[in-house]
Every structure is written in structure tokens, then in C-alpha cells.
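Scroll down for the structure; my scribbles are underneath it.
The values are calculated or read from the model by the stated rules, or taken from the named source; none is laboratory data. All values derive from a computational prediction rather than experimental measurement. Backbone-built Cβ (ideal geometry, glycine too); neighbour counts: all protein chains shown. Accessible surface is based on the protein model in full, side chains and every heavy atom, while ligands, DNA and RNA are left aside. Shrake-Rupley method; radii C 1.70, N 1.55, O 1.52, S 1.80 Å.
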Amino acid sequence: MTDTQHVSRRDVLRLGIAAAAAAAGIPLLGACGSGSGGSGGGTASAAGGPSAAAGGGGQLVIGAFEDGALTPFKQTILPMFEQATGTKVQFLTEPYDSFFAKAFQDGQSKAGQYDIYIMDDPWIPQYAAAGILEDLGAHGITVDSDYAPAFAELGYWPPQKGPRVKGFENDQPALIALPTIGDLQTLTYRNDVFPTAPATWDDLVSTAKAGVAANKVKYGFVFRGVKGNPIVTSFYPIFLSFGATMFDDKWNPAFNSAEGKAAADFFVGTLKSIAPAGVAEFDSDQEGAAILGGDAAAIIQYSGNAIKSDDSSASKEVGKLDFGVVPKQVSALAQIGIFIHGVSASAPNKDNAIAFMKWYGSNETQVALARSGDLPVKIPAFSDPEAVKAHRLLPTALAQLQSGAQARPRTPDWSKVESIRGTELNNARVAGSGGGAAMDSAAGQVQDYLKAQGYYD
């Protein structure tokens with residue numbers, strides 16, 4: 001963290017929402033308070049298509065944080081909306097930390113600077129709990145069956161499933177946001193080491209070892225090992241694949257179950273044995289260099305990094321890297337982390353904002369998004385032939401969604417939970433053993449912390 005307290009998107013993903021908010025000088029709400037209210041609608045068909053956008057004329061102000069993934073959205077999608085409706089769009093971006101602060105304060109003060117906020121999905125618990133996002137269901141917006149369920153469910157508050165923070169236990173879930181750009185973890189692997197994507201962790205380990213023995217690669221697997229968010233993110237698909245869960249329905253830690261301990265032991269022991277010696281200090285740059293530079297046989301990573309495999313300016317292994325669903329133990333589950341947008345409750349151009357929400361959710365718009373280079377949020381767009389021809393990750397991303405993908409628990413206190421687990425995992429990773437004991441230690445600390453925050457009666 002610099003003296004000016006600049007917080008990048010990576011910092012927020014690393015630190016978590018609460019820590020980053022503090023760094024940016026924003027007070028976090030407690031885990032209680034009134035929701036955005038109202039009923040959120042069900043799974044009926046989405047309203048409107050590109051030619052059916054309501055309103056017309058006037059303006060629309062969309063605010064977002066700076067990120068390369070939004071370039072196709074800005075350059076391709078927004079001009080399409082302007083042409084379809086005659087509405088002039090102002091697309092205002094700021095660095096991640098600046099926009100996080102400005103958008104939240106705009107909503108709380110009802111200043112009306114923005115009509116639509118494009119957010120990182122971990123922001124939803126804080127934004128929704130503050131009541132600054134419009135209930136979309138009240139405007140006839142619903143989520144149809146073409147949306148990827150794992151993406152769409154992140155737009156409801158309180159969550160439709162899983163534990164809920166206090167103050168929202170009995171509220172009806174309201175639809176307060178829609179997914180903007182999809183993102184999730186998949187496997188990237190060397191096709192000269194693996195004849196096909198390894199289906200299980202045993203397959204990955206045994207074949208990767210053979211690749212190292214044959215001097216095809218230096219390391220069988222690479223991941224992020226830095227304490228906190230990096231190591232927890234790398235561990236997440238392994239943890240899920242062993243059948244482990246984070247919490248029970250009362251926020252009691254469940255990650256130190258037999259399944260969770262087995263996953264941790266495998267992670268800090270078996271996978272470490274085929275990873276670089278200094279992996280405990282690896283972050284995104286180091287793991288990316290290992291796979292793109294030809295040293296590693298496999299990695300699990302988000303789509304923004306996976307697509308670098310075909311970029312000759314970034315990868316020395318173009319043509320040797322393929323994509324697959326993450327390996328399974330009892331299942332093959334990945335972590336998701338998406339861009340998500342909602343209408344400000346104090347939006348000055350609310351009718352145009354609602355018209356955009358309906359238009360953007362059409363299948364036609366989502367196909368255009370996929371063709372422009374971003375992961376769409378509706379299932380049919382993943383299979384559009386033109387999009388697939390240009391972006392070969394799309395079929396694998398769809399296969400991963402169908403296999404299973406989960407977001408982080410929906411709580412404003414996730415950052416602290418992640419920090420505790422990540423520290424214990426990193427310690428075990430350095431030692432090369434004791435993953436199960438690390439889960440026990442973390443569970444005790446997490447329970448003490450959540451108790452102090454009033455999670456338990």
C-alpha cells in the first residue's frame with residue numbers, strides 16, 4: 001500500500017472488500033440493516049431485446065472501474081445501444097479504488113452522479129445492504145433461463161441460497177444487479193505433456209511428473225502461494241473438488257471437515273511437490289510467467305490470464321497450451337468472479353438505465369459481447385460459431401459452468417476470513433505439510449472473529 005493509499009483491482013481481490021474499503025477511506029457497514037426491499041422476480045423470460053429498448057433519446061451515465069476487460073464493452077456494446085435507442089451514453093471510469101469510493105458515496109448521499117454502477121461482484125453485500133441499488137424486479141426485469149445460473153444468482157440480495165448475514169435472514173431475495181461480463185477459473189495445460197485435459201487430480205499429478213521426468217517442463221503445476229487472497233484463490237477449486245464447503249447455514253466454519261482437511265493436505269503436500277520451490281511467494285505475475293514461459297505443465301487461472309495463451313506477445317508457448325475443466329476429486333468445481341451492474345436508486349436517468357438493463361440482457365447483445373472478446377453471461381452466446389472461432393476459450397468456459405462454479409461466500413467479512421485461511425495455508429505450504437491442522441487453526445480463528453461481529457446468537 002502506498003502513502004496515498006492507492007488500491008488497485010488486484011489489491012482488492014487480494015485484500016478483500018473490507019480491507020480495501022478501509023484502505024480507500026470508506027467505512028464499511030455492519031452486517032445488519034435494511035435491504036433494498038421488495039420482491040426480485042423469478043426466472044421468467046428477460047424483457048426486451050436490442051430493438052425493443054424502451055425510452056429513447058436523453059442520456060445515460062454509466063460508471064465503472066478501469067479494466068481492460070471493459071474495452072469491448074465500451075467500444076462495441078455501448079455504441080450499439082446508442083444506435084438502437086438514440087440515448088447518449090457517458091461512460092465514466094476511474095481507478096479501481098477511486099470508483100469504489102465514489103460510487104458508494106454517490107449512492108449513500110443520493111448525489112445522482114451515475115445511473116448505473118459496474119461493480120466487482122464482492123461489492124454486492126455492502127452495496128445491497130446499504131440500499132443504494134434499485135430493485136430491478138419492481139421494473140419488470142427478471143432473469144430468464146438462458147443466464148448462467150452461477151452468474152445470475154450473484155445479483156440477488158439477500159442470497160437465494162447459503163447463509164445470510166444478520167438483518168436479512170427472513171427477507172425475500174430481490175434482484176438488484178445483473179451480470180455484466182463473465183469470468184471463472186479453468187485449467188490451462190501443455191498439450192505436449194497431457195494428451196487430453198486431465199480429468200482427475202491423480203491424472204494431473206502422474207502425467208505432470210512424467211512430463212518433468214521427460215524434460216518437457218520444469219514443473220508439473222504452478223499456482224499462487226502468497227498468503228491471503230492469492231493462495232486461497234488457487235486453493236479454492238481444489239477445496240471444492242474434494243467436496244468441502246466453507247460454512248454451514250449458521251456461519252459456523254465447515255472448511256475444516258474431513259474433506260476440507262484432505263484437500264488442504266493434498267494442496268500443501270502433493271501439489272507442492274510438483275510446483276516450483278519458491279511457489280509460496282508466487283503471485284499472478286510469477287505463475288503466469290511459469291506457464292507462458294514454458295516452465296510449467298498446468299495451471300488453474302481466470303479467463304483474462306488464460307486467453308494470453310494465444311497471444312504471441314505474452315506467450316512463448318502459442319500452440320502448446322490448451323484449455324480444460326478443472327480436475328476433479330469427487331467433482332470439478334471452479335471459482336467465479338464477475339463484473340456486475342446495477343441501477344443506482346438515485347439515478348437521474350432511471351428510465352434509460354432500466355431500458356439498458358433490459359437491452360443488455362438480450363441474447364443478441366450477449367452474442368455481440370462474445371464476438372467482441374469478452375465472456376458473455378448467457379449460455380447461448382458461448383456457442384455462437386463466430387465467437388467460438390475467434391475465442392476458443394468459450395467452449396471450455398461453458399463446460400466449466402456446466403460442471404460447476406461457485407462464488408465466494410456472500411458476506412462483507414469475507415476478506416477477514418480469507419486472510420485468516422490464507423495465512424494458515426501459506427504457513428503449511430512453506431512447511432510442506434500440516435494442511436489439515438491449518439484448517440483447524442483457521443476455523444477457530446474465523447469463528448472467534450465472526451462471533452465478535454455478532455454472527456451468532
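Considering every residue within segment 228-237, establish whether at least one is more than 30 Å from His341 (Cα to Cα) and surrounded by 20 or more Cβ atoms within 10 Å (Cβ to Cβ).
no
Go through the residues of segment 209-226 one by one and say whether even a single one is of a type in the set (D, E, K, R), under 23 Å from the mean Cα position of the chain (by Cα) and buried (at least 23 other Cβ atoms within 10 Å of the Cβ).
yes
Do you know which residues across segment 144-158 are open to solvent by 10 Å² or more (accessible area, probe 1.4 Å) and assigned to a loop (DSSP other than H, G, I, E, B)?
Asp144, Ser145, Asp146
Being farther than 26 Å from Val226 by Cα, small (Gly, Ala, Ser), open to solvent by 10 Å² or more (accessible area, probe 1.4 Å) and over 21 Å from the mean Cα position of the chain (by Cα) is true for just one of Ala368, Ala399. Which residue is that?
Being farther than 26 Å from Val226 by Cα, small (Gly, Ala, Ser), open to solvent by 10 Å² or more (accessible area, probe 1.4 Å) and over 21 Å from the mean Cα position of the chain (by Cα) holds for just one of Ala368, Ala399, which is Ala368.
In segment 423-456, what residues are open to solvent by 60 Å² or more (accessible area, probe 1.4 Å) and part of a loop (DSSP other than H, G, I, E, B)?
Ser433, Gln453, listed by residue number.
With the requirement that a residue be acidic (Asp, Glu) and in contact with a Lys or Arg (Cβ under 8 Å, 6 or more places away or on another chain), what does segment 332-384 give you?
Listed by number, the list holds a single entry, Asp384.
Check whether at least one residue in segment 248-258 is in contact with a Leu (Cβ under 9 Å, 6 or more places away or on another chain), open to solvent by 10 Å² or more (accessible area, probe 1.4 Å), closer than 19 Å to Ala437 by Cα and modelled with pLDDT of 95 or more, and report yes or no.
Yes, the conditions are met somewhere in segment 248-258.
Are there any pairs, at least 6 apart or on different chains, whose C-beta atoms fall under 7 Å, with the first in segment 436-456 and within 12 Å of Trp251 (Cα to Cα) and the second open to solvent by 60 Å² or more (accessible area, probe 1.4 Å) and in a helix (DSSP H, G or I), and if so, which?
Every condition considered, the pairs that remain are Tyr449/Lys416.
Within segment 83-121, take every residue that is out of contact with any helix residue (DSSP H, G or I) (no Cβ under 9 Å at 6 or more places or on another chain) and of a type in the set (Ser, Thr, Tyr) and give me the one that is surrounded by the most Cβ atoms within 10 Å (Cβ to Cβ).
The selected residue is Ser98.
Just one of Asp310, Asp248 is closer than 23 Å to Gly404 by Cβ and of a type outside the set (Val, Ile, Thr); which is it?
Asp248
If I go through segment 175-208 residue by residue, how many of them are open to solvent by less than 40 Å² (accessible area, probe 1.4 Å) and part of a loop (DSSP other than H, G, I, E, B)?
Residues flagged as open to solvent by less than 40 Å² (accessible area, probe 1.4 Å) and part of a loop (DSSP other than H, G, I, E, B) within segment 175-208 amount to 8.
Against the definition (under 19 Å from the mean Cα position of the chain (by Cα), of a type outside the set (A, V, I, L, M, F, W, C) and within 19 Å of Phe267 (Cβ to Cβ)), how does Ser303 come out, yes or no?
no
Is it the case, given these coordinates, that Ala334 is within 20 Å of Leu187 (Cα to Cα) and either in contact (Cβ under 8 Å) with a residue 24 or more places away in the chain or crowded, with 19+ Cβ neighbours inside 10 Å (or both)?
Yes: the conditions hold for Ala334.
Give me a count of the residues in segment 174-226 that are in contact (Cβ under 8 Å) with a residue 24 or more places away in the chain and either charged (D, E, K, R) or within 30 Å of Ala345 (Cα to Cα) (or both).
The total comes to 18.
Looking at the structure I just gave you, is Gln113 at pLDDT 95 or above and part of a loop (DSSP other than H, G, I, E, B)?
In short, yes.
Applying the selection to segment 402-422, what residues are outside any loop (DSSP other than H, G, I, E, B) and open to solvent by less than 40 Å² (accessible area, probe 1.4 Å)?
Ala405, Trp414, Ser415, Val417, Glu418, Ile420, Arg421, Gly422
For Ser51, only one of the following conditions fails: (1) part of a helix (DSSP H, G or I); (2) open to solvent by 60 Å² or more (accessible area, probe 1.4 Å); (3) under 17 Å from Met357 (Cα atoms); (4) at pLDDT 95 or above. What is its number?
(4)
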